[in-house]
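Here's the structure, in structure tokens; my notes come after.
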Amino acid sequence: MVFAWALILLVVATVVFHFASPWWFTDIASNWTMMDQTVNVTFWVTGFVFVVVNLFMAWAVIKYRHRKDKTTKAEYEPENKKLEWWLTIITSVGIAAMLAPGLAVWAKFVTPPDDASIVEVVGQQWAWTYRLPGRDGELGASDAKLVTIDNPLGVDAKDPKSGDDVIVTSPELHIPLGKSVKFLLRAKDVNHQFAVPQFRVKMDMVPGMVTHFWLTPTRTGAFDALCEQLCGVAHFAMRGRVVVDEEPQYQEWLATQPTFSQTAAIVAGDPEAGKPLFATCTACHGDQAQGNKELGAPKLAGQDGWYLARQLHSFKQGVRGSHENDTYGKQMIPFASMLADDTAVRNVVAYIGSLPDTRPDTSVGGNPERGKKLYATCASCHGDKGEGVWGTNAPRLAGMSDWYLARQLENFRQGIRGTHRQDFHGAQMRSMARALKDEASINDLLDYVHTL
Ligand SMILES: [Cu+2]
């Protein structure tokens, strides 16, 4: 009897919880209400079966339980053809009701209307980039073999359709309200999965393939783009954003994004032109960019140029250093702002690249054996030797100022760095740094990095 009542209670509690639950679909922001309806149909079918089967069990236990007078007796019927037929028919209808609407919605989901514009989403470890066709409305060809630091999407420069393609290097994409968009999905390295919960869309991305779906955004707002691939180190930390704008704001944003020809025309930095620009920097970073612990300014010599340039842009735009407790980062903002434009940044970075790379002494005392274990996760982005990996956007750590790295790890942990809305790379590092329990772990880890 206790068992029967427990079953009844389970059924009642589950049904009540389902309707009173605070966890429900987020407010939808696209045309895909059909997705919600399909999920609801599944809830109704599975819910009905759950209630009926459990209540039947409870009823059977109560009715046929052992009693002294033996008024009701259960009979064993292994071959009841009629019952088998009914169960088969009902089950088939239930399963068809769950699957058939999905097929219909899927067919619509992958069949964009003719007037849909195109957006290409490119997934890589561990970031999103986007490409939009220019005036010709078509994307140029692309190939993973063509990927270089200057052409991160591997766009084929020989294809006449490539030149006007718009390259969006930030993980934030904008799309206009109320217009259908066809998303083309491509992966550079491993499988990813692009998902935006408010749009009710998600799709696998497979290297060597282009998958697609479409949607029409129905309200303005900023929506998180997630990678819902579960294997691997950091898919969970691949955060992006899709912003739905009114047409004028969208056009404003679009105008700030470079075309492929513009990015291809960028010339390499000139160290000679960068030398005078670096003169102001030497006061803190040292004349050989070797770093100065007393002033808290890290070694820059030997650091990856793409990373230095990104940081200088981040300081300029207040993406880094604008947190009120970021005493050291704040100091960099005026100096980064002195670099007038992109060319100045490239030149100064080229000059830093020409300086000798002298390894500083270690300044943190720790246990490198323990640090080695802790570093295993870090290696998947920063490289086995802490050399920095362009493909994962992770800078060099080995042979850099370790007291500075310790401070950055603390900053990431405390949200002093990596919490700005546009700091997608920093946010990723923040989730990694939070896995380090305490200062001792940071010291152990950096002591190991010093041995690399
Ligand atoms: Cu991913």
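Nothing in this text is a laboratory measurement; each read-out follows from the coordinates by a stated rule. These numbers were taken from a predicted model, which means no experiment stands behind them. So basically every Cβ, Gly included, is an ideal-geometry build from the backbone, and we count neighbours across all protein chains shown.
Which is the longest run of the chain containing none of the trypsin sites (Lys or Arg not before Pro) found in DSSP loop states (not H, G, I, E, B) with at most 15 other C-beta atoms within 10 Å?
Counting at most 15 other Cβ atoms within 10 Å as exposed, the longest clean stretch of the chain is 294-384.
May I ask you to sort Trp5, Trp128, Trp24, Trp306 by Cβ crowding, counting other Cβ atoms within 10 Å and putting the fewest first?
Going from least to most buried by this count: Trp24, Trp5, Trp306, Trp128.
For the stretch 2-109, take N as its residue count and report Rg(C-alpha) divided by 2.2 N^0.38 Å.
1.48
Compute the label zone of Tyr64 within the stretch 77-95: residues whose backbone N is under 14 Å from the point 7 Å along Cα-to-Cβ.
77-80
Pop the C-beta distance of Asp224 and Ala107 into the FRET formula with R0 = 35 Å and round what comes out to the nearest 0.05.
Using R0 = 35 Å, I get an efficiency of 0.80.
Considering all projection directions equally, how large on average is the shadow of the alpha-carbon convex hull of the stretch 117-265, in square nanometres?
Computed as one quarter of the Cα hull surface, the answer is 8.2 nm².
Can you compute the radius of gyration and Dmax for the stretch 270-357, using only the Cα atoms, both in Å?
Cα radius of gyration and Dmax of the stretch 270-357 are 12.0, 36 Å respectively.
Roughly speaking, what is the centre-to-centre gap between the stretch 112-162 and the stretch 189-219 when only Cα atoms are used, to the nearest Å?
The stretch 112-162 and the stretch 189-219 have Cα centres separated by 15 Å.
What are the lysines whose alpha-carbon lies under 18 Å from the alpha-carbon of Lys437, with same-chain residues fewer than 8 places away excluded?
Candidates past the 8-residue exclusion: Lys372, Lys373.
Using R₀ = 30 Å, calculate the FRET efficiency as 1/(1 + (r/R₀)^6) where r is the Cβ-Cβ separation of Glu77 and Thr14; round to 0.05.
Details: r = 30 Å, r/R0 = 1.00.
My answer for the efficiency is 0.50.
Would you calculate the separation in nanometres between label points at Asn40 and Ile28, each defined as 7 Å from the Cα along the Cα-to-beta-carbon direction?
The modelled label-to-label distance comes out at 0.8 nm.
For the stretch 359-452, what value does the Rg/Rh ratio take when both radii are computed over Cα atoms and Rh is the Kirkwood radius, given to two decimals?
Values: Rg = 12.3 Å, Rh = 13.1 Å.
We get a ratio of 0.94 for the stretch 359-452.
What is the order of Ser162, Ser441, Ser261, fewest Cβ neighbours within 10 Å to most?
In order of increasing Cβ crowding within 10 Å: Ser261, Ser441, Ser162.
Taking GluC sites (Glu not before Pro) as candidate sites, keep only those in a DSSP loop with at most 12 other Cβ atoms within 10 Å, then name the longest stretch of the chain containing none of them.
With a cap of 12 other Cβ atoms within 10 Å, the longest stretch comes to 80-245.
From the helices alone, meaning DSSP H stretches of at least four residues, give me the mean residue ellipticity at 222 nm for the chain, per-run term -39500 (n - 2.57), in deg cm²/dmol to the nearest 500.
-13500 deg cm²/dmol
Listing His313, His66, His174 from the residue with the fewest other Cβ atoms within 10 Å to the one with the most, what is the order?
On the way: His313 15, His66 5, His174 23.
So the residues, fewest neighbours to most, are His66, His313, His174.
Over the stretch 64-168, calculate the relative contact order: mean separation of alpha carbon pairs under 8 Å at least 6 apart, over the residue count, as a percent.
17
What nm distance separates the two modelled labels at Glu246 and Asp150, each placed 7 Å from Cα along Cα→Cβ?
So the label points at Glu246 and Asp150 sit 4.2 nm apart.
Karplus couplings for the stretch 70-87 from phi (6.51 cos²θ - 1.76 cosθ + 1.60, θ = phi - 60°), rounded to Hz, Gly and Pro as x?
6, 6, 10, 10, 6, 10, 8, 10, x, 10, 9, 4, 4, 5, 4, 4, 4, 5
With every atom except the alpha carbons ignored, what do you get for Rg and Dmax of the chain, in angstroms?
Calculated on Cα positions, Rg and Dmax stand at 29.0, 104 Å.
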